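A short worksheet on the structure shown next.
The values are calculated or read from the model by the stated rules, or taken from the named source; none is laboratory data. From a predicted model like this one, the values you see are computed outputs, not experimental measurements. FYI the Cβ positions are ideal-geometry reconstructions off the backbone, even for glycines, and counts take in every protein chain you see.
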Amino acid sequence: MKFSLIAAAACTLASSAFAAPAWSAWPNNCLAQSTATDIVNQYITILNHYDVKAANATAQTLLADDYIEISDSILSLEGQPLNQTTFAGKQLYINGVLNAPPVEGISTLQVLVAGCDQILWQWVFTGIGSKVAQVKGFNLFGLNAQNQIKTVHLEFNSIAWGLDTGYQVIFPPGPPPS
Ligand SMILES: *[C@@H]1O[C@H](CO)[C@@H](O)[C@H](O)[C@H]1NC(C)=O
Ligand SMILES: *[C@@H]1O[C@H](CO)[C@@H](O)[C@H](O)[C@H]1NC(C)=O
């Protein structure tokens with residue numbers, strides 16, 4: 001019963017696709033998986049910037065002029081009020097990231113195309129500071145019409161990052177909060 005309902009729904013979808021050429025053309029305007037993977041790989045070369053000049057050239061092309069980064073995880077580590085940009089402006093970001101030490105030990109867990117103009121990147125960094133803890137996180141990239149990165153929402157395990165970079169983490173007394 002269930003199967004036949006699904007099969008019937010699939011037939012309806014298939015026939016409406018034939019009936020509506022605009023709808024069947026839609027995927028062509030969407031992001032291909034290979035493009036998403038390529039964008040993430042370029043972004044990684046900016047983070048690790050083993051070759052600063054090449055990373056800068058990549059960043060100039062890859063990032064939109066009105067680039068912004070938003071991350072409560074970073075604001076928490078900085079002790080700043082939450083829900084504000086951590087970088088606003090392409091050159092500020094590029095110089096900030098390229099003048100900082102390379103982010104090392106970057107591994108991609110998944111690159112997912114999210115709709116037609118967003119990419120979700122799940123990652124783990126194993127090379128932060130003292131490397132005592134791996135740091136897992138997600139970047140949600142928003143792209144402009146030229147497939148340049150315009151917004152990055154990024155959240156990660158900031159306690160692990162803090163442990164790696166010398167923060168003193170003091171657990172509250174009593175059983176762990178659930
Ligand atoms: C966070 O900031 C955005 C953009 O400024 C705003 O729309 C949103 O309401 C804010 N959220 C909270 C919980 O303050
Ligand atoms: C990156 O390139 C821009 C434009 O050429 C330049 O102004 C900037 O100083 C460079 N930044 C670094 C860190 O090399």
- request: With the checklist (1) among the small types (Gly, Ala, Ser); (2) within 11 Å of ligand 2 (Cβ to nearest atom); (3) part of a strand (DSSP E or B) in hand, flag the one item Ala55 doesn't pass.
  value: (3)
message: Tell me the residue from Ile70, Ile128, Ile74 that is of a type outside the set (Ser, Thr, Tyr) and either within 25 Å of Leu31 (Cα to Cα) or within 16 Å of ligand 2 (Cβ to nearest atom) (or both), please.
response: Ile70
- request: Pull up region 87-113, narrow it to residues that are touching a helix residue (DSSP H, G or I) at 6+ places or on another chain (Cβ under 7 Å) and either free of Cβ contacts under 8 Å to residues at least 60 places away in the same chain or within 16 Å of ligand 2 (Cβ to nearest atom) (or both), then point me to the one that is farthest from Tyr43 (Cα to Cα).
  value: Phe87
- prompt: Hey, does region 54-64 have a residue that's at positive phi, over 17 Å from the mean Cα position of the chain (by Cα) and at pLDDT 95 or above?
  reply: no
- prompt: Do we find a residue being over 17 Å from Ile74 (Cβ atoms) and exposed (fewer than 15 other Cβ atoms within 10 Å of the Cβ) anywhere in region 146-161?
  reply: yes
Top-ranked residue in region 131-145 [being free of Cβ contacts under 8 Å to residues at least 60 places away in the same chain and out of contact with any Leu (no Cβ under 8 Å at 6 or more places or on another chain); ranked as surrounded by the most Cβ atoms within 10 Å (Cβ to Cβ)]: Val135
task: Confirm whether Leu47 is in a helix (DSSP H, G or I) and within 14 Å of Leu154 (Cα to Cα).
output: yes
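Do we have Gly174 as among the small types (Gly, Ala, Ser) and in contact (Cβ under 8 Å) with a residue 40 or more places away in the chain here?
No: the conditions fail for Gly174.
Listed residues Ile68, Ile94; which is at pLDDT 95 or above, more than 16 Å from ligand 1 (Cβ to nearest atom) and of a type in the set (A, V, I, L, M)?
After applying the criteria, what remains is Ile94.
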